[in-house]
Structure formats: C-alpha cells, structure tokens
Amino acid sequence: EAGVTQSPTHLIKTRGQQATLRCSPISGHTSVYWYQQALGLGLQFLLWYDEGEERNRGNFPPRFSGRQFPNYSSELNVNALELEDSALYLCASSRQGGINSPLHFGNGTRLTVT
Amino acid sequence: AQTVTQSQPEMSVQEAETVTLSCTYDTSESNYYLFWYKQPPSRQMILVIRQEAYKQQNATENRFSVNFQKAAKSFSLKISDSQLGDTAMYFCAFMKGDDKIIFGKGTRLHILP
C-alpha cells in the first residue's frame, strides 16, 4: 500500500510569490489534513478536508487556502509569501475524520521563503 | 481551547535505559483521545500509541506504554529498553470527538550508544 505522498519535497520561493503544495492520500482515505511545522513551534493545524469539503480551519490568515479534488488529493496554496512561512508542511490522511481513523503522514514539503 | 504542553524540549538517555516523556493538556471535555507520535530524522510522523480518555487502563504497545492520569490531565510516555532507533522527535497530541488533532511542541529524544 502506497503511503501519503507529498510534492515537491523542497520548494524555494521569494517573498511575495505564491506556493502550491500537493498531497495524495492513501488509497481509500477521504480525509486530508494540513499542518505547518515551524522550528520550535510543533505542528500547527492548518486545514482539514473531507469528501471534498473544508471541515475545519486553523488560526491562519486567508492567504493560506486549499482544496480537495474528487480523487481526494489535495492542494495547499500560500499566497503573498512571507519569510515566516518558511516551514515544513505536513499532509496527513485518514479513512474518515475521527478517532477510529488514525492519521497517516507524508514526508512533508520543506518550503523556504527568501 | 485545548492546549498540549510538553515541558521537556530535549532529552538524552543511554541505550537500554528507560525514559519517560512528559505531557500535560488542558481541556473541559470529558471524552477525548490522546496520542504520541514519533518523527524520526526521515521526517515522517508515525503513530506510537493512543489512549481513549474513557478507558482507565493505560495503553501499551510493546516497549511503549503510557501513564494516563485523567484528573491531573497528564499523559506521559514511557519507553523501556530504549534503542538507537528510538532517536526522534516525540509529539504528544489531543483530539476531541470528530475534530482536528492538536499537537504539543515536541520533545527531542536522543538515545546514546
């Protein structure tokens, strides 16, 4: 069984640009979660998609957005990049939201904003 | 709002020793779930162990066990007979019902040969 895949592995952008990060969940998983892991801050919840709809959103500005496609893959878009957006962005998937569906994480996309 | 606190940013222990990682949380919920995740240098987060709050019995997975103290809102992870492969960042996490998982800031654990 293929795990959660994220692309690209690394992404370098300049301040003000836009970044697009992609995530493919495990086959059969309908929920996709996005987390930002900045140095010293742990994992900060960004977005949760399930069955194509946004279920929950973390405390991030609107320039962080995303979507989930009919095949359950997901995109995270970050507009007007700022230096503090530099972080590891982790995607996780589960069969459905909730306790009975543990999260399976990808290896992340390392975003560097210069 | 729920919070998760890990008070030990970094720890080091000798191989084969037992180590305990601390975690406290704050919630007004009565039913929730707690997790420990491991993130090795490869970056991929792996679920180590989970505990349902309504269960009094502490969860155990091989060398990993938890000490769940609901009244004290404490959820520590004990690693017995530690191995070099246990070197990783460990995150304590909280989840209520059908909601997102909230993570602590992590404890970096070094297992020394």
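Before moving on, here are some points about what is shown:
- Straight-distance crosslink candidates among lysines, where the alpha carbon sits under 24 Å from B:LYS70 and sequence neighbours closer than 8 are dropped: B:LYS38, B:LYS55, B:LYS78, B:LYS96, B:LYS100, B:LYS105
- Each residue was assigned an accessible area with a 1.4 Å probe, and for B:MET95 the value is about 10 Å².
- B/A buried area, accessible surface, summed, 1.4 Å probe, Å²: 1900
- Chain B - share of DSSP beta bridges that are antiparallel (%, nearest 5): 85
- Solvent exposure, largest accessible area first (probe 1.4 Å, DNA, RNA and ligands not counted), of A:HIS29, B:HIS110: B:HIS110, A:HIS29
- Of the trypsin sites (Lys or Arg not before Pro) found in the stretch A:1-110, those that fall in a DSSP loop while having at most 14 other beta-carbon atoms within 10 Å are A:ARG15, A:ARG63.
- The largest-to-smallest principal axis extents of the Cα set in chain B are 42, 27, 21 Å.
- Extent along principal axes [Cα atoms of chain A; Å; largest to smallest]: 39, 28, 26
- 1.4 Å probe, heavy atoms, protein only - residues of the stretch B:66-113 losing at least 20 Å² accessible area vs chain alone: B:PHE91, B:MET95, B:ASP98, B:ASP99, B:LYS100, B:ILE101, B:PHE103, B:LYS105
- When the Cα atoms of the protein assembly as shown are aligned to their principal axes, the ranges along those axes come out at 47, 38, 35 Å in descending order.
- At R0 = 25 Å, FRET efficiency that the Cβ-Cβ distance of B:SER74 and A:ALA38 yields, to 0.05: 0.40
- Using a probe of 1.4 angstrom and keeping all protein chains present, the accessible surface of the protein assembly as shown works out to 48 square angstrom per residue.
The values are calculated or read from the model by the stated rules, or taken from the named source; none is laboratory data. Everything numeric in this text was worked out from a predicted model, so none of it was measured. Positions of Cβ are backbone-derived with ideal geometry, glycine not excepted, and every protein chain shown enters the neighbour counts. Please note that ligands, DNA and RNA were not included when accessible areas were found on the heavy atoms of the full protein model with its side chains. Shrake-Rupley method; radii C 1.70, N 1.55, O 1.52, S 1.80 Å.
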